[in-house]
Amino acid sequence: MKWNALTKVLRYGGWGVLCSCQGVTNTGYQPQGEVSAKAQARKIIFIMTDTHRWDMLSSITPEIKTPNLDRLAEEGVRFDRAYTVSPVSGPARSAIFTGLYPHTNASWGNDMPIADNVKTLGQRLSDNGYYCAYTGKWHLDGTDYFGNGICPQGWDPEYFYDMRMYLEELTREERIKSRLPETNKESIPGEFTYGHRVTERALKFLESRTSDDAFFLTVSYDEPHHPFLCPEPYASMYKDYEWPKNPSHYDNLKNKPSYQQMWAEGRQFENKDEMTIKHPYYFASLSFIDYEIGRLLKKIDELYPDALVIYTSDHGDFLNAHSLKSKGPCVYDDVSRVPFIVRWKGHVPSSLVTTTPISLISVTPTILDAAGVTIPDVIEGSSILNTFTSPVDQPKKPVFMEFGRFEVDHDGFGAFQPLRAVFDGRYKLSVNLMSTDELYDLEKDPYELDNLINDDTHAVLRDSLHNLILEHMNETRDPFRGVYWHARPWRKDFKSTWEYTEYTRARKTDGYNPRSLDYNTGLEVEKYSWPKQQDTKN
């Protein structure tokens with residue numbers, strides 16, 4: 001079966017079909033809820049980068065220079081335990097901008113678009129009175145890394161500026177140079193970089209608004225992702241710098257999943273004492289983009305000082321931790337934990353750091369909540385607006401993470417390596433479908449070295465976390481759910497049945513499409529799940 005045909009089967013056969021159509025006119029059903037007369041935040045700016053580790057901030061690692069992000073944190077709250085939904089760009093971003101997990105919105109791998117009938121945050125806000133603009137990397141249209149240059153529905157085309165649009169501004173020779181880290185040796189001007197041009201679009205948008213406008217601006221930088229382009233003095237700032245090693249760099253992957261051992265490609269057997277971790281352009285591009293964020297914050301402070309400002313990134317980078325490189329199918333903190341900063345004068349405390357766990361699945365519902373827009377039932381994340389305003393007093397809620405596959409075009413990073421994971425604020429369980437599972441106690445083992453999956457003293461705790469994952473897969477109608485996730489070698493109380501959970505689950509209301517109909521009656525469903533025995537068996 002060809003991929004296009006398979007995609008149709010997956011989408012329309014129940015794999016990730018939701019909401020109403022992107023790029024298709026409304027069918028007549030109006031968005032659920034209006035902006036309230038007392039909307040809490042009428043100016044919202046969401047800033048994100050690509051591949052920014054949680055600990056790559058000056059306030060955590062002083063040698064890494066991020067003065068503007070640190071200032072933003074001093075004026076607001078830094079969430080020290082924020083987690084991506086998936087440690088790879090496309091799926092992570094799909095969750096951020098839809099409030100749906102990748103297994104639901106259909107973008108469970110890079111270069112796999114969100115389903116045609118999934119609404120984004122920009123669409124929902126623009127349909128409820130907010131002026132929405134998006135400038136920077138999108139990565140959700142399913143074409144390639146750069147995008148297709150077409151503004152998604154809900155966002156103003158005048159300010160949309162994905163990476164294809166940037167490349168089309170360059171000559172053939174400039175395009176090639178723009179993809180090579182070695183170009184930094186030529187002392188390129190900042191104006192040549194994508195990050196600079198993204199900021200310029202954002203500044204023009206801010207200048208075009210008035211104090212009466214309700215708006216939502218997303219500024220999505222590709223940096224510090226490869227190719228790490230940046231001007232001087234940043235390009236040479238870290239030429240002699242070595243990232244500090246910690247116990248995770250000595251991980252030999254014993255008692256770890258076999259695919260991770262394969263991924264390490266022998267690095268687990270190297271002499272770690274002799275290993276140095278140098279990545280000068282990576283760190284340089286982060287400091288450069290911090291400068292660009294500083295330009296943006298200056299304009300925000302000048303025009304809209306009371307705006308709600310949020311900063312985060314899609315995932316981290318291993319930097320040789322656990323003998324691994326880049327990112328991929330695992331949820332070690334090195335790649336799953338990201339910076340998350342919120343500033344909202346008069347609503348959010350300042351100079352506060354909290355370890356309350358949060359997930360990027362909460363971005364969409366929280367921004368809707370802040371804007372006074374009703375959160376549709378279909379949204380799988382929950383608002384953490386109360387956590388923004390009272391971050392210390394909130395109970396810890398489980399954070400769910402997942403991985404499906406990497407790029408469909410070149411099958412890198414192990415290609416199809418499905419996992420589902422949960423972190424409860426102390427323990428992290430990762431069920432790696434085709435390999436060994438992992439359980440870590442991050443309080444006693446913050447570097448995730450000791451895999452406790454077969455430790456009988458943790459069996460009750462382990463099984464309770466496992467139940468959370470299974471319940472989560474059922475509640476979100478995960479299309480990959482089934483007995484194989486339950487029947488793990490260490491789970492002794494599971495009995496396999498063909499009916500499995502024996503429940504029917506209807507799609508929840510998305511605010512655009514009509515409510516689902518009951519198969520047995522043809523009437524609108526009265527509830528979203530019910531025992532399967534009530535169904536007519538065919």
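The values are calculated or read from the model by the stated rules, or taken from the named source; none is laboratory data. Not measured: the values here are computed from a predicted model. Every residue, glycine among them, receives a Cβ derived from its backbone with ideal geometry; neighbour counts consider all protein chains shown.
Sort out which residues of segment 52-81 are part of a helix (DSSP H, G or I) and over 21 Å from the mean Cα position of the chain (by Cα), and write them in order of number.
The answer is Pro67, Asn68, Asp70, Arg71, Glu74.
So in segment 443-478, with the set limited to residues that are assigned to a loop (DSSP other than H, G, I, E, B) and among the β-branched types (Val, Ile, Thr), which one is modelled with the lowest pLDDT? If we take residues in segment 443-478 being assigned to a loop (DSSP other than H, G, I, E, B) and among the β-branched types (Val, Ile, Thr), then Thr476 is modelled with the lowest pLDDT. Within segment 137-164, residues that are within 24 Å of Thr51 (Cα to Cα) sit with their Cβ atoms under 6 Å from residues that are β-branched (Val, Ile, Thr) and in a loop (DSSP other than H, G, I, E, B), at 6+ positions apart or across chains, in these pairs: Leu140/Ile114. In the set Ser107, Ser94, only one residue is under 27 Å from Asp156 (Cβ atoms), in the same structural domain as Pro224 (by TED's automatic domain parsing) and part of a helix (DSSP H, G or I); that residue is Ser94. So, Lys444, is that one more than 30 Å from the chain's Cα centre (by Cα) and either loosely packed, with under 15 Cβ neighbours inside 10 Å or among the hydroxyl-bearing types (Ser, Thr, Tyr) (or both) or not? Here the answer is no, as Lys444 does not meet what is asked. Here the condition is being of a type outside the set (Ser, Thr, Tyr) and closer than 30 Å to Lys43 by Cβ; of Phe192, Phe205, Phe228, it holds for Phe205 alone.
The residues listed here are Leu523, Leu461; of these, the one that is hydrophobic (A, V, I, L, M, F, W, C), farther than 30 Å from Thr364 by Cβ and not assigned by TED's automatic domain parsing to the domain that holds Val331 is Leu523. Of everything in segment 397-410 that is out of contact with any Asp or Glu (no Cβ under 8 Å at 6 or more places or on another chain) and more than 15 Å from Val331 (Cα to Cα), the residue that is surrounded by the most Cβ atoms within 10 Å (Cβ to Cβ) is Lys397.
Quick one: is Lys137 at pLDDT 95 or above, over 30 Å from Val353 (Cβ atoms) and either in the same structural domain as Arg405 (by TED's automatic domain parsing) or crowded, with 24+ Cβ neighbours inside 10 Å (or both)? When the stated conditions are applied, Lys137 does not pass them.
Is it true that Gly136 is more than 25 Å from the chain's Cα centre (by Cα) and not hydroxyl-bearing (Ser, Thr, Tyr)? For Gly136, the condition - more than 25 Å from the chain's Cα centre (by Cα) and not hydroxyl-bearing (Ser, Thr, Tyr) - is not met. Against the conditions (1) outside any loop (DSSP other than H, G, I, E, B); (2) modelled with pLDDT under 95; (3) more than 21 Å from Gly99 (Cβ to Cβ); (4) not charged (D, E, K, R), Tyr440 satisfies every one except (2).
Restricting attention to segment 487-537, the residues being touching a Ser or Thr at 6+ places or on another chain (Cβ under 8 Å) and more than 29 Å from Pro376 (Cβ to Cβ) number 1.
Within the option set Lys43, Lys2, Lys38, being within 25 Å of Val348 (Cα to Cα) and at pLDDT below 95 holds for one residue only, Lys38.
Could you please give the count of residues in segment 383-396 that are under 20 Å from Leu368 (Cα atoms) and surrounded by fewer than 16 Cβ atoms within 10 Å (Cβ to Cβ)?
Of segment 383-396, the ones under 20 Å from Leu368 (Cα atoms) are 383-391, 394.
Now restrict to residues that are surrounded by fewer than 16 Cβ atoms within 10 Å (Cβ to Cβ): 386, 390.
Going through segment 383-396 one residue at a time, the tally reaches 2.
What about Phe400, is it within 24 Å of His472 (Cβ to Cβ), in contact with a helix residue (DSSP H, G or I) (Cβ under 8 Å, 6 or more places away or on another chain), of a type in the set (Phe, Trp, Tyr) and assigned to a strand (DSSP E or B)? So Phe400 passes the test. Among the numbered conditions (1) assigned to a loop (DSSP other than H, G, I, E, B); (2) at negative phi; (3) modelled with pLDDT of 95 or more, the only one that Val408 does not meet is (3). Checking each residue in segment 479-538 for being part of a loop (DSSP other than H, G, I, E, B) and polar (S, T, N, Q) picks out Ser496, Thr497, Thr501, Thr509, Asn513, Ser516, Asn520, Thr521, Thr536, Asn538. Taking the criterion of being aromatic (Phe, Trp, Tyr), buried (at least 16 other Cβ atoms within 10 Å of the Cβ) and touching a strand residue (DSSP E or B) at 6+ places or on another chain (Cβ under 6 Å), the only residue of segment 411-426 that qualifies is Phe423. So is Ile361 buried (at least 20 other Cβ atoms within 10 Å of the Cβ) and assigned to a loop (DSSP other than H, G, I, E, B) or not? In short, no. Enumerate the pairs (first residue in segment 176-190 and not assigned by TED's automatic domain parsing to the domain that holds Cys230; second residue anywhere and of a type in the set (A, V, I, L, M, F, W, C)) with beta-carbon separation below 6 Å, excluding pairs fewer than 6 apart on the same chain, so at least 6 apart or on different chains. That search, which allows pairs on different chains as well, returns nothing. Would you point out the residue of segment 241-281, among those that are exposed (fewer than 12 other Cβ atoms within 10 Å of the Cβ) and free of Cβ contacts under 8 Å to residues at least 24 places away in the same chain, that is farthest from Glu448 (Cα to Cα)? Within segment 241-281, the match that is farthest from Glu448 (Cα to Cα) is Glu274.
Please enumerate the residues belonging to segment 299-343 that are assigned to a loop (DSSP other than H, G, I, E, B), of a type in the set (Ser, Thr, Tyr) and under 30 Å from Asp450 (Cα atoms).
Residues satisfying the conditions are Ser326, Tyr332.
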